[in-house]
Amino acid sequence: MKPTKKIWYNGKIINWDHAQTHVLTNALHYGAGVFEGIRYYHTENGPAIFSLKEHLDRLFYSASFINLDKKIKCNENDLSDAIEELIEKNLVKEGYLRIILFWGMNSLSYQPELLCPANAAIALWAWDPTREKDTVKMKTTKYKKLHPDSTIIDAKLCGNYINAILANAEVINDGYDEPLFLDYENNVAEGAEKNLFMVKNGIIYTPPKGFIMPGLTREVLIPLAKDLGYKIEEKKFTLQELKKADEVFLTSTVVRILPVSQIDDKKLVPKKGPVTMHLKDEFENIVRGKNEKYSKYLTYLNI
């Protein structure tokens with residue numbers, strides 16, 4: 001990432017280089033924090049943030065599981081105002097925002113709410129479209145998607161993401177781009193921070209909630225696909241069924257819609273399927289403010 005000028009930290013706009021925290025910060029040791037990654041886009045009507053309310057709702061939902069919501073000294077409106085101010089201060093017309101709420105220093109206890117301060121920070125950096133991939137090769141990782149009884153899998157808890165770090169290290173070392181997680185029942189789950197869809201005989205399938213992190217891009221894509229005339233089903237399916245798909249793609253805030261060209265040793269032809277590319281183009285229209293029906297997902301900034 002390329003540093004920008006300013007970061008918002010506990011209610012104040014400070015210089016990028018001044019955003020520091022102690023090495024004994026509780027969250028650094030135990031992952032006791034929550035985060036959201038948000039993108040905003042250049043449109044004909046100025047910069048627009050995609051799914052801002054939904055991101056902030058989920059942030060505080062996640063925070064509630066580790067009691068951060070009870071001690072944090074800001075609310076959703078405060079963070080929304082801070083985001084607008086930060087974008088204005090940094091003069092970045094299209095970028096990526098990272099919000100984090102986390103337990104600070106004073107105790108390395110597993111009950112940080114007893115002694116540790118609750119911190120909030122927002123950083124942003126310019127989006128570099130040249131780093132976006134056209135397609136990705138996926139490999140099934142030996143690591144399983146976290147069991148829904150072992151954590152809160154629909155919360156963006158920092159500690160949960162060691163799962164993705166382990167899997168990424170494994171598959172990238174083997175020459176692939178993205179891990180494919182199976183769930184504890186050995187059904188297809190998702191990629192690393194990305195939801196997965198497959199297309200077979202014109203029907204779109206995606207794993208159901210309860211076994212995955214249901215991303216906000218996924219939540220928009222499902223009704224979008226239906227509006228475009230596609231049949232879409234949320235159902236469990238196996239790795240063997242996935243390898244017989246006509247098309248496979250991933251979704252996330254970062255990649256939006258990303259075609260998958262290979263699953264393990266199975267190459268998909270074409271690499272960029274027609275259904276995938278149709279959805280990709282239509283989703284791009286949404287984030288660029290060119291689809292009136294889905295304009296409710298855009299928050300335009302007065303800057």
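Among beta bridges from DSSP that stay inside the chain, the antiparallel ones total about 85%.
With the simple spin-label model, which puts each label point 7 Å out from Cα in the Cβ direction, the residue 2 to residue 21 separation comes to 2.7 nm. Projected onto planes of every orientation and averaged, the convex hull of the alpha-carbon atoms in the stretch 136-287 covers 8.3 nm².
Considering only the other residues whose Cβ falls under 13 Å of the Cβ of residue 83, what net charge follows from Lys and Arg at +1 and Asp and Glu at -1? Once positives and negatives cancel, what remains is -2.
Segment residue 203..residue 165, full-extension length gain: 10.5 nm, with 0.36 nm per residue of separation and the alpha-carbon distance subtracted. Hey, what angle do you get for helix 216-227 against the long axis of the chain, alpha-carbon based, 0 to 90 degrees rounded to 10? Computed tilt is about 40 degrees. Expressed as a fraction of 2.2 N^0.38 Å, the value expected for a compact globular protein of N residues, the C-alpha radius of gyration of the chain is 1.02. As a rough footprinting exposure proxy, the listed residues 116, 158 were ranked by other beta carbons within 10 Å of their own, and the order from fewest upward is 158, 116. A DSSP coil position with no more than 11 other Cβ atoms inside 10 Å describes the following trypsin sites (Lys or Arg not before Pro) in the stretch 53-88: 73. Summed over qualifying helices (DSSP H, 4 residues or more, each -39500 (n - 2.57)) and divided by its residue number, the chain shows a 222 nm mean residue ellipticity of -7500 deg cm²/dmol. Normalised by the number of residues in the chain, the mean separation of alpha-carbon contacts (under 8 Å, six or more apart) gives a relative contact order of 20 percent. Going by neighbour counts of Cβ atoms within 10 Å, the residues 69, 174 line up, fewest first, as 174, 69.
Taking Cα centroids, how far is the stretch 101-149 from the stretch 230-253 in Å? About 26 Å separates the Cα centre of the stretch 101-149 from the one of the stretch 230-253. Every Cα-Cα pair of the stretch 6-131 was included, and the share exceeding 23 Å stands at 33 percent. Under 24 Å of direct C-alpha separation, and excluding same-chain neighbours fewer than eight residues apart, residue 2 reaches these lysines: 12, 89, 93, 133, 194.
None of the figures in this text is laboratory data; all of them are computed from the coordinates on show. From a predicted model like this one, the values you see are computed outputs, not experimental measurements. Note: ideal-geometry Cβ built from the backbone for every residue, glycine included; neighbour counts use all protein chains shown.
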